[in-house]
1. Test of understanding: among 116, 150, 168, which residue is assigned to a helix (DSSP H, G or I), within 16 Å of the ligand (Cβ to nearest atom) and surrounded by fewer than 24 Cβ atoms within 10 Å (Cβ to Cβ)?
2. How many of the residues making up the stretch 18-39 are in contact with a helix residue (DSSP H, G or I) (Cβ under 8 Å, 6 or more places away or on another chain) and either farther than 29 Å from residue 146 by Cα or not in a helix (DSSP H, G or I) (or both)?
3. Please work out which one of (1) more than 12 Å from the chain's Cα centre (by Cα); (2) part of a helix (DSSP H, G or I); (3) within 10 Å of the ligand (Cβ to nearest atom) is the condition residue 176 fails and give its number.
4. Please find, within the stretch 317-346, the residue that is nearest to residue 84 (Cα to Cα) out of those that are out of contact with any helix residue (DSSP H, G or I) (no Cβ under 9 Å at 6 or more places or on another chain) and at pLDDT 85 or above.
5. Looking only at the stretch 181-198, filter to residues that are within 16 Å of the ligand (Cβ to nearest atom) and touching a helix residue (DSSP H, G or I) at 6+ places or on another chain (Cβ under 8 Å); which one of those is farthest from residue 40 (Cα to Cα)?
6. Residue 240 - would you say it is at pLDDT 95 or above, in contact with a helix residue (DSSP H, G or I) (Cβ under 8 Å, 6 or more places away or on another chain), away from the ligand (no atom under 16 Å from the Cβ) and within 28 Å of residue 302 (Cα to Cα)?
7. From the list 201, 219, 213, which one is at pLDDT 95 or above, under 19 Å from residue 159 (Cα atoms) and within 12 Å of the ligand (Cβ to nearest atom)?
8. Just a yes or no: is a residue in the stretch 101-109 within 16 Å of the ligand (Cβ to nearest atom), modelled with pLDDT of 95 or more and in a loop (DSSP other than H, G, I, E, B)?
Ligand code: SF4
């Protein structure tokens, strides 16, 4: 009977050290292998050139490295890169490299599909199949970092968890991945350059605050009126704005860090004065900044980008109320890599 080999990256450094001691080797060997697995992102045991051939063969006999594989890579004419990433069980997720003049950002996925059902989002049409492991999240970042160096001559500067899936529904694995990404034994990135973007799960926002996480929080708000938000994001019925507000106040009290609100304005849905007024009021609860995001229609979707006049109304009213607002023009539209478009179509 064939023995199913264990994924070596499921072991902690301490467990790896112990494994080598049990094999009659030195604990130090565990450190060497750990460095190959994470800092050097080795795909094969053969690559571990400072480890003896016998040890590499022994590792091969006992373990696998379930590395992701970039199945297809598309480059947009604006420099955006989209990867369709094949996981060890054949499932596919997508991640995107977004270059601007000052930064290169990786937008990574946290789940295969999504269990939430935001009406404007292409991913919502794929049912959630499973959570990603920490190493599958980490590998997406490593792949994008390589592409950033190759195509833009600079390392990756920022990460947003805004790809497929709701990161707070896969909290433990997202946290483990971020720990590896920020660890000097991993990629050594500053947590200040990482943003977890959630549709707003109040209980988990409070948990993050209690866990004293050091990364940034963004909330996809899209409406500050319950009835409207529920039509856009039906789970708002379960997690209404009152609960979201309370969790954000808790976050700010504990972390003293501003929140970003992601906000898309759609024609006939949230482009009226009452929508703007409700949003401005919501923005005053907790120190925040606002990202107004250009919308990318998905095939046969009912949602359409609002007029420039409606956008200007939003921007002017927010600014009059001293709320910092940025407008995010969409990137990678020609390759379906823009916000809300990730749906494994490539
Ligand atoms: S917007 Fe995010 S949370 Fe909502 S369905 Fe799409 S992937 Fe899921």
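1. From the options 116, 150, 168, the qualifying one is 168.
2. Qualifying residue count, the stretch 18-39: 9.
3. (3)
4. 326
5. That would be 198.
6. The answer is yes for residue 240.
7. Going through 201, 219, 213 in turn, just one is at pLDDT 95 or above, under 19 Å from residue 159 (Cα atoms) and within 12 Å of the ligand (Cβ to nearest atom): 219.
8. Checking the stretch 101-109: at least one residue is within 16 Å of the ligand (Cβ to nearest atom), modelled with pLDDT of 95 or more and in a loop (DSSP other than H, G, I, E, B).
The values are calculated or read from the model by the stated rules, or taken from the named source; none is laboratory data. Here the structure is a predicted model, which means the values were calculated and not measured. Neighbour counts run over all protein chains shown; Cβ positions are idealised from the backbone, glycine included.
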